[in-house]
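Below is one structure, written out as structure tokens; the observations come after it.
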Amino acid sequence: MLGVCYYPEHWPREHWAEDARRMRALGLTYVRIGEFAWSRIEPDPGRFTWEWLDEAIETLGSAGLKIVLGTPTATPPKWLVDRHPEVLAYDALGRPRRFGSRRHYTHSSRVYVQESRRIVTEYARRYGQNPHLVGWQTDNEYGCHDTVRSYGPEDLRAFRDWLKAKYQHIDRLNNAWGSVFWSMEYRSFDEVNLPHLTVTEPNPSHVLDFYRFSSDQVVAYNKMQVEVIRQHSPERFIAHNFMGFYTHFDHFALADDLDVASWDSYPQGFTDREAPISDERKLHYARASHPDIAAFHHDLYRGARARWWVMEQQPGPVNWAPNNPAPAPGMVRLWTWEAFAHGAEVVSYFRWRQVPFAQEQMHAGLNRPDYQPDLGYFEAKQVVEELARLPLPETTLAPVALIYDYEASWLFEVQPHGTGWNYTVLCMHFHTALRELGLSVDFVRPGADLSGYKLVVAPSLPILRQRTLLALEKTPCPIVFGPRTGAKTEHFQIPPSLPPGALQNLLPLKVTRVESYRPGLADTVFFGGKKWKAEVWKEWIESDLQPVATFSDGKGAIYQHHHLHYLGFWPSREFLSAYLGQMVRALGLPVTPMPEGMRVRQRGNLVFAFNYADHPQEAPAPRGADFVLGSPTVAAYNLSIWKQG
């Protein structure tokens, strides 16, 4: 089903009914509202003006739309900030992040937690049993604009309390952090400061704990909202809308309290701003977006919750990337279908109409500011018509699991040991390589049940907790570990037995030295009768095992012990396509190498082919395939679907 984001407070009331009628005529089912409306709901402390929102919900609901109501806590009003300036977040330079945009609060503010509980309670009491309401969205895009890690007085107080709860005694903290180094020992928790504004880098264990604390604060804040909503609005689902390429909090932990994981999909914006690809590749995919950007996040958030949505789908040019070209004709339809191919329950477009004022006035909607349909409107209409003819089967287990670890991202952010090291880039190398082989991928959290998978890849698991080790021990299928797995203890120290730490009980090897390479410096890996460039990272490994691949100096680059594989270098996407391709062929999995710009995804008995290229390409379908949408030749920026078997 399809939905849309709508802001009735932005438009004259006399247009609401017509907007609702047109939404239903288009074939939309859901509408999200309310997530930025605090100042309109409560213009003065304790004075509520519910009438307009009552009318908006009734108007939309009476037209047959199902309401998803957002809590308004992402935008505390000016009067609240003026009354309680302690709610503001602080940047890493110790400066308050002031009123005038959004997300101007810290999750550690006791006052803001109380105020949030109060306004969410008011929302939930008033609308929790409304017959038009089917679900909730908590807040909006936690962490957007770098707002998870705050460095103010409230954060310092809360961080000290968090440390006391974790370590109990200051001696335990000093031992865990190695505070004897540089005479950094503390006599009490009240002496511990936030890890910023130091002369040189702060203690990495200190920073990692601060990152963990910051993540926990977001999870606790969201949990507070969920508990309030469940009390007053049972039997309605609760979701949050995550973002792309954002790792500052553990989305798996937060999603444990949700019914639906959702994310905001802006493939072109992410390609231009965040995508870990060359400028040449960005230019090549400027109007289509890189073919693995949306899919990476679809797979990630499906791993966070079995029920998942795209809460905001790009419908045209965005406003926030460095450059914002219009998507090629057909791409809005393609992005929508691709989300359904990966198992989305709902795709909701952002937004119904382009707003002609304020910060997002250059962001397209399904309709133009003059109330006329924009190009995305007609592509959404086409999807509605196609969905009506094609029932979608349930999503099944993919053949490959990718273990994704938010803590790994924090650890490598704290101490990358080389400018080229980036956890998200490494994960994308694995994900893209597998998709280039025509394989579907599931993301799972560390310690998750891995039964049923034919292959498991762990791009890097630097901290191996007992639950993760037990899950790995129980898994009979091949497991591929990337570099720096088992490289640190929980307290950010080198394991006493050296990396990969406790994994040595399963995989007898020892990493004795590591080095990082600046751009232009590289080694060579010899594998499969070919030479592969090894950039960014190299490990020196001792083992009685015979290496599967070697470096130019003859030392081992890849080792295998039974079904476990270890890569002691930064693997390129091209290498992984060859290495993993050989492995999955040996497993008997079907491998279909994808031409540039082509990707496939299987959902139940349906196979979807998406062509991100600017020219027609043949669908990688078997001869005589039964096509239920499209044809064997997939036009530029188009898709085809056929039945498997």
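The values are calculated or read from the model by the stated rules, or taken from the named source; none is laboratory data. Every value quoted in this text rests on a predicted model; they were computed, and no experiment measured them. Cβ sites come from the backbone with ideal geometry, for glycine too, and all protein chains shown count toward neighbours.
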List, please: which pairs have Cβ atoms under 6 Å, are six or more places apart or on different chains, and start with a residue in segment 480-500 that is in contact (Cβ under 8 Å) with a residue 24 or more places away in the chain and end with one that is of a type in the set (Ser, Thr, Tyr)? 481/566; 482/460; 484/460; 485/460; 491/205; 492/205; 500/485
Expected single match for buried (at least 21 other Cβ atoms within 10 Å of the Cβ), in contact with a Pro (Cβ under 9 Å, 6 or more places away or on another chain) and not assigned by TED's automatic domain parsing to the domain that holds residue 509 among 609, 635 is 609
Return the pair list, or none, for Cβ contacts closer than 9 Å from residues in segment 520-547 that are touching a residue at least 12 places away in the same chain (Cβ under 8 Å) and more than 22 Å from residue 499 (Cβ to Cβ) to residues that are part of a strand (DSSP E or B) and of a type in the set (Asp, Glu), at least 6 apart or on different chains. 533/523
So, of the residues in segment 378-412 that are among the β-branched types (Val, Ile, Thr) and assigned to a loop (DSSP other than H, G, I, E, B), which turns out to be surrounded by the most Cβ atoms within 10 Å (Cβ to Cβ)? 395
Report yes if some residue within segment 277-288 is over 30 Å from residue 175 (Cβ atoms), of a type outside the set (Phe, Trp, Tyr) and crowded, with 23+ Cβ neighbours inside 10 Å; otherwise report no. yes
Select, from 68, 31, 87, the only residue that is closer than 28 Å to residue 212 by Cβ and surrounded by 15 or more Cβ atoms within 10 Å (Cβ to Cβ). 87
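Can you pull out the residues in segment 534-577 that are in contact with a strand residue (DSSP E or B) (Cβ under 7 Å, 6 or more places away or on another chain), hydrophobic (A, V, I, L, M, F, W, C) and outside any strand (DSSP E or B)?
Listed by number, the residues that qualify are 536, 545, 548, 570, 575.
Touching an Asp or Glu at 6+ places or on another chain (Cβ under 9 Å) and crowded, with 21+ Cβ neighbours inside 10 Å: which single residue out of 573, 599 fits that description?
It is 599.
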Residue count, segment 327-374, condition in contact (Cβ under 8 Å) with a residue 40 or more places away in the chain, assigned to a loop (DSSP other than H, G, I, E, B) and small (Gly, Ala, Ser), comes to 6
For segment 418-428, does any single residue satisfy the condition of being farther than 29 Å from residue 611 by Cβ and either in contact with a Leu (Cβ under 6 Å, 6 or more places away or on another chain) or small (Gly, Ala, Ser) (or both)? yes
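Checking the condition of a type in the set (Val, Ile, Thr) and within 27 Å of residue 256 (Cβ to Cβ), which residue from 67, 57, 41 passes?
Within the list 67, 57, 41, the selection yields 67.
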Restricting attention to segment 107-135, which residues are farther than 25 Å from residue 235 by Cα and touching a residue at least 60 places away in the same chain (Cβ under 8 Å)? 107, 108
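For every residue, the table says whether it meets (1) surrounded by fewer than 22 Cβ atoms within 10 Å (Cβ to Cβ); (2) touching a Gly at 6+ places or on another chain (Cβ under 8 Å).
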{"site": "78", "(1), (2)": "yes, no"}
{"site": "82", "(1), (2)": "yes, no"}
{"site": "96", "(1), (2)": "yes, yes"}
{"site": "105", "(1), (2)": "no, no"}
{"site": "109", "(1), (2)": "no, no"}
{"site": "116", "(1), (2)": "no, no"}
{"site": "155", "(1), (2)": "no, no"}
{"site": "173", "(1), (2)": "no, no"}
I'm checking my understanding of the structure. Among residues of segment 612-629 that are touching a residue at least 60 places away in the same chain (Cβ under 8 Å) and outside any strand (DSSP E or B), which one is surrounded by the most Cβ atoms within 10 Å (Cβ to Cβ)? 612
Within segment 163-185, does at least one residue satisfy the condition of being β-branched (Val, Ile, Thr) and closer than 19 Å to residue 35 by Cβ? no
Given the condition out of contact with any Asp or Glu (no Cβ under 7 Å at 6 or more places or on another chain) and within 17 Å of residue 128 (Cα to Cα), answer yes or no: does some residue in segment 39-46 qualify? yes
Quick one: residue 598 ticks every box in (1) under 30 Å from residue 423 (Cα atoms); (2) free of Cβ contacts under 8 Å to residues at least 24 places away in the same chain; (3) not hydroxyl-bearing (Ser, Thr, Tyr) except a single one, so which number is it? (2)
For segment 413-431, the count of residues that are in a helix (DSSP H, G or I), more than 11 Å from residue 459 (Cβ to Cβ) and touching a helix residue (DSSP H, G or I) at 6+ places or on another chain (Cβ under 7 Å) equals 1
